[in-house]
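> The structure is given below, and queries will be raised subsequently.
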Amino acid sequence: MSQSLFQTVGVIGKRRDERVTGTLRQLCTLLRQHGREVLVETETARLLPANSGIEAVSREALAKRCQLVVVIGGDGTLLDAGRSLASSGVPILGVNQGRLGFLVDVRPEDMATTLEALFRGEYIRASRLILEARVRRADGGLSLPWLAVNDVVVRNQAAIRMVEFATYLASDVGDGSGWEFISQHRADGFIVSTATGSTAYALSGGGPVVHPALAALALVPICPHTLTDRPIVVPASRTVRIVLGASETGATMTCDGQIGTSLNPSDAVEIRRSPTDLLLIHPPSYSYFALLRDKLDWGRTPVGNPSKK
């Protein structure tokens with residue numbers, strides 16, 4: 001069998017979930033049968049037998065030593081792994097043991113055939129833009145960047161209270177010298193979504209499905225007070241700025257619904273495209289529209305013969 005592709009493979013499983021144990025052990029066995037060196041994230045390695053002989057390493061070591069990382073779990077597990085691995089450029093393959101599975105698109109029962117194809121060089125490599133969010137405090141402080149694969153969300157921590165804020169788009173000059181005012185909002189919150197995240201929270205908020213090949217961001221108000229406050233799509237090359245009102249307390253910023261920080265009155269959240277993209281590996285049969293048909297229950301049978309001119 002070919003030894004040239006993905007010689008060292010890392011594995012990350014869903015945290016504190018023993019339901020991935022069977023799939024994890026099967027995956028490690030398959031990888032070894034293909035002659036690959038297998039490294040397992042330290043926390044995931046606790047699900048393996050003590051005498052497994054498989055090296056447990058940190059995520060930092062996975063990023064440095066692996067040519068591929070396989071994630072076992074749901075989309076949330078891949079989002080978490082993606083933020084920690086994106087800067088290394090190591091590609092990620094997702095095995096679905098969650099619910100929807102927009103990103104983790106390999107079924108456990110298909111792992112063997114997927115790996116065989118993968119190591120023959122038969123796979124689809126996809127690059128997904130990710131976001132970098134910084135909080136510019138009203139007192140002049142600037143936070144370190146927070147990464148998001150799906151979305152950055154600003155909302156009030158109180159579920160029944162709206163937040164008032166203004167949105168801006170960086171000028172097209174490219175030197176960061178100016179901002180173009182978009183609108184003043186009163187809403188439950190605001191979502192800045194990548195194309196990858198357009199089928200997540202943004203979709204529930206009434207946003208559009210954005211094809212992942214587009215370098216675009218969806219700006220989606222959450223339950224706006226004004227019904228004409230609609231989602232819009234902007235170029236990913238432009239930075240988005242969200243400025244809280246001077247009396248807004250209790251607001252928060254979250255990235256992918258997993259990490260975040262609290263916000264103070266008049267704080268601004270600035271969201272731009274990260275200089276590094278997330279690399280995903282899909283099986284050769286992968287189709288984005290087939291995925292949408294399956295997950296969103298779209299029409300599955302075309303009318304007529306599309307091959308006829």
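The values are calculated or read from the model by the stated rules, or taken from the named source; none is laboratory data. Please read these numbers as outputs of a predicted model, since none were measured by experiment. FYI the Cβ positions are ideal-geometry reconstructions off the backbone, even for glycines, and counts take in every protein chain you see.
> Does residue 294 satisfy the criteria of being of a type outside the set (Gly, Ala, Ser), surrounded by 14 or more Cβ atoms within 10 Å (Cβ to Cβ) and not in a loop (DSSP other than H, G, I, E, B)?
Yes, satisfied.
> Return the residues of the range 22-51 that are farther than 18 Å from residue 81 by Cα, without any contact (Cβ under 8 Å) to a residue 40 or more places away in the chain and among the polar types (S, T, N, Q); say none if nothing qualifies.
Of everything in the range 22-51, those that are farther than 18 Å from residue 81 by Cα, without any contact (Cβ under 8 Å) to a residue 40 or more places away in the chain and among the polar types (S, T, N, Q) turn out to be 29, 33, 51.
> Any residue that is assigned by TED's automatic domain parsing to the domain that holds residue 146, touching a strand residue (DSSP E or B) at 6+ places or on another chain (Cβ under 7 Å), more than 16 Å from residue 163 (Cβ to Cβ) and of a type in the set (Asp, Glu) - is there at least one of those in the range 223-238?
no
> Still on this structure, I have one more. Could you figure out which of (1) assigned by TED's automatic domain parsing to the domain that holds residue 206; (2) polar (S, T, N, Q); (3) more than 15 Å from the chain's Cα centre (by Cα); (4) loosely packed, with under 14 Cβ neighbours inside 10 Å isn't true of residue 287?
So the condition that residue 287 fails would be (1).
> Scan the range 103-132 for residues that are part of a strand (DSSP E or B) and of a type outside the set (Asp, Glu) and report the count.
Summing the residues that are part of a strand (DSSP E or B) and of a type outside the set (Asp, Glu) in the range 103-132 gives 7.
> Can you tell me which of 99, 137, 107, 120 is assigned by TED's automatic domain parsing to the domain that holds residue 200 and surrounded by fewer than 20 Cβ atoms within 10 Å (Cβ to Cβ)?
137
Let's see how each residue does on (1) hydroxyl-bearing (Ser, Thr, Tyr); (2) free of Cβ contacts under 8 Å to residues at least 12 places away in the same chain; (3) farther than 20 Å from residue 268 by Cα:
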residue: 114; (1), (2), (3): yes, no, yes
residue: 125; (1), (2), (3): no, no, yes
residue: 164; (1), (2), (3): no, no, no
residue: 167; (1), (2), (3): yes, no, no
residue: 184; (1), (2), (3): no, no, no
residue: 199; (1), (2), (3): yes, no, yes
residue: 209; (1), (2), (3): no, no, yes
